[in-house]
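Heads up: the structure comes next, in structure tokens.
The values are calculated or read from the model by the stated rules, or taken from the named source; none is laboratory data. All values reported here derive from a predicted model rather than from experimental measurement. All Cβ positions, glycine included, derive from the backbone under ideal geometry; neighbour counts span all protein chains shown.
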Amino acid sequence: MKVECPTTQRVIDKMRDRANKGMEKFGVTMSQRDDYAPARLLREAQEEALDLAIYLEELIDRLTLSDKYQEWRSRDKIHLTPNNTSPGPLNK
């Protein structure tokens, strides 16, 4: 299936690839599996969601720190040297 939105298309492609990997690994689709009770499926989904929350929090922290660095750099007109250990003048 193709859609106009490239972002949506990438998600669709990734879902298809993941489903194919699951078939290779388990030999059945998720709906064909009978070894996962509904409660186990919910627990698995919850654990994945919690992992996602951790990844999102880390990315938010990194972007926030990056934004603060950019503000600080602009305000003080300094930058970190290539080894990222000490500040140096922006314009030499």
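Considering only residues that are among the β-branched types (Val, Ile, Thr) and within 16 Å of the chain's Cα centre (by Cα), which ones fall in the range 23-63?
Taking the range 23-63 first, the residues among the β-branched types (Val, Ile, Thr) are 28-29, 54, 60.
Within the range 23-63, Ile54, Ile60 qualify.
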Next item on the list: Would you check if there is a residue in the range 36-58 being modelled with pLDDT under 90 and within 25 Å of Asn20 (Cβ to Cβ)?
Entry: yes
Notebook entry, point to check: Which members of the range 23-37 meet the condition of being surrounded by 10 or more Cβ atoms within 10 Å (Cβ to Cβ) and not basic (Lys, Arg)?
Noted result: Met23, Phe26, Val28, Thr29, Met30, Tyr36
Note to self: What are the pairs with Cβ atoms under 6 angstrom where one residue, in the range 3-32, is free of Cβ contacts under 8 Å to residues at least 24 places away in the same chain and the other, located anywhere, is surrounded by 10 or more Cβ atoms within 10 Å (Cβ to Cβ) and part of a helix (DSSP H, G or I)? Sequence gap at least six, or different chains.
What the structure shows: Val3/Gln9
